[in-house]
Amino acid sequence: MTALLLAGLLALAAQPNDLPAGGEREIAGGERGIAGGEQEKLLQVFHAEFVPISPGKGKFPASFQMGGARENEQPKRRVSLDYSFQVAKYEVPQNLWRAVTGANPSRWKGERNSVEMLSYDEAVAFCKKATELMRAANLIGEKQVVRLPSEAEWEYVARAGATTRYSFGDDAKSLGRFAWFTGNAAGNDPPVGAKEPNPWGLYDMHGYLWEWCADYGAENYAGAPANGAVRTTGGDSAKRVLRGGSWKDPAEQLESSYRRLADKNLRDAAVGLRCVLATKK
Ligand SMILES: [Ca+2]
């Protein structure tokens, strides 16, 4: 009987994460759960912070040269994207992560600081749950999905039309205006968007946190897709790709073409995520 009661209380305590939008309720112990209204508000903000990207139209080139001088950035190749998508202006902040998952794993706490200490699978699960919640709130349609970017999509929007090392040019002396890295970060993360954006209005593409991409961990671009798709062949499925560098890294690692492979179970205070909003293929 006691065990049953305890199980019931635990079930109650677990509910706040799954509360439907639009309500607020007391849970066991008088503790307040995630308010549905607050969750929906944060999802609305998240939705409003996506930037439309339409390759082949206006300022968005239909293709770009992907890769760089380092061995694992070769062979350089031309990647064409024939579809429109949206990319989040910011790395996922901690208040949004908590509203979607019910927890905040971050080492450096702050409501609008980027969430960190999350594995690849946890990043994917966040995207899936965010998709469900946003559909339920009628913010997105049934065919739209929140997901991680492919490496090609990531580099395309990081470059923002530039062929230089950084989206603002080649000179790392200007990096401090746009990015948190070892040159100006002492370990305490700031809110997202404190630095200047890239030419397409995206913040912290260079630095702050490494961002998980969906591609299998491949040592180089031999055999990689040339259409923006996620690479799922010729790489190690136990690894994924991190892009953009972080507050713990030197300027070189913040370059648009820089890439590193990571075990998909890695949880690190320098690793977070940025979402894409796209139409299901
Ligand atoms: Ca970043």
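The values are calculated or read from the model by the stated rules, or taken from the named source; none is laboratory data. Computed from a prediction, not measured in an experiment: that's the story for all the values here. Backbone-built Cβ (ideal geometry, glycine too); neighbour counts: all protein chains shown.
Details
- Filter pass, residue 210 being within 15 Å of residue 150 (Cα to Cα), within 16 Å of the ligand (Cβ to nearest atom) and touching a residue at least 12 places away in the same chain (Cβ under 8 Å): yes
- Residues within the stretch 172-201 that are hydrophobic (A, V, I, L, M, F, W, C) and away from the ligand (no atom under 15 Å from the Cβ), tallied: 2
- Set side by side, the residues 267, 243, 259 differ, and just one is more than 20 Å from residue 76 (Cα to Cα) and not small (Gly, Ala, Ser), which is 267.
- Residues of the stretch 105-133 classified as surrounded by fewer than 19 Cβ atoms within 10 Å (Cβ to Cβ) and within 23 Å of residue 195 (Cβ to Cβ), total: 7
- Every residue from the stretch 109-133 that is out of contact with any Gly (no Cβ under 6 Å at 6 or more places or on another chain) and among the β-branched types (Val, Ile, Thr): 124, 131
- Across the stretch 126-152, the number of residues qualifying as of a type in the set (Asp, Glu) and either more than 13 Å from the chain's Cα centre (by Cα) or within 15 Å of residue 42 (Cβ to Cβ) (or both) comes to 2.
- Residue match in the stretch 213-221 (condition: surrounded by 14 or more Cβ atoms within 10 Å (Cβ to Cβ), closer than 24 Å to residue 130 by Cα and out of contact with any helix residue (DSSP H, G or I) (no Cβ under 7 Å at 6 or more places or on another chain)): yes
Results for (1) more than 25 Å from residue 218 (Cα to Cα); (2) in contact with a strand residue (DSSP E or B) (Cβ under 9 Å, 6 or more places away or on another chain); (3) at pLDDT 95 or above; (4) outside any loop (DSSP other than H, G, I, E, B), shown as yes or no for each residue.
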{"residue": "23", "(1), (2), (3), (4)": "yes, no, no, no"}
{"residue": "34", "(1), (2), (3), (4)": "yes, no, no, no"}
{"residue": "47", "(1), (2), (3), (4)": "yes, yes, yes, yes"}
{"residue": "52", "(1), (2), (3), (4)": "yes, yes, yes, yes"}
{"residue": "57", "(1), (2), (3), (4)": "yes, no, yes, no"}
{"residue": "83", "(1), (2), (3), (4)": "no, yes, yes, no"}
{"residue": "106", "(1), (2), (3), (4)": "yes, yes, yes, no"}
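- Boolean, residue 168 is of a type in the set (A, V, I, L, M, F, W, C) and within 17 Å of residue 91 (Cβ to Cβ): no
- The stretch 224-246, subset small (Gly, Ala, Ser) and closer than 23 Å to residue 61 by Cα, residue nearest to the ligand (Cβ to nearest atom): 244
- Residues that are surrounded by 15 or more Cβ atoms within 10 Å (Cβ to Cβ) and part of a strand (DSSP E or B), drawn from the stretch 63-76: 63, 64, 66
- Of all the listed residues (145, 115), the sole one being away from the ligand (no atom under 14 Å from the Cβ), touching a Lys or Arg at 6+ places or on another chain (Cβ under 9 Å) and at pLDDT 95 or above is 145.
- For the stretch 170-195, the tally of residues that are more than 18 Å from the chain's Cα centre (by Cα), part of a loop (DSSP other than H, G, I, E, B) and of a type outside the set (A, V, I, L, M, F, W, C) stands at 7.
- Boolean, residue 200 is among the aromatic types (Phe, Trp, Tyr) and crowded, with 24+ Cβ neighbours inside 10 Å: no
- Unmet criterion (only one of (1) surrounded by fewer than 16 Cβ atoms within 10 Å (Cβ to Cβ); (2) of a type outside the set (Lys, Arg); (3) within 12 Å of the ligand (Cβ to nearest atom)) for residue 249: (1)
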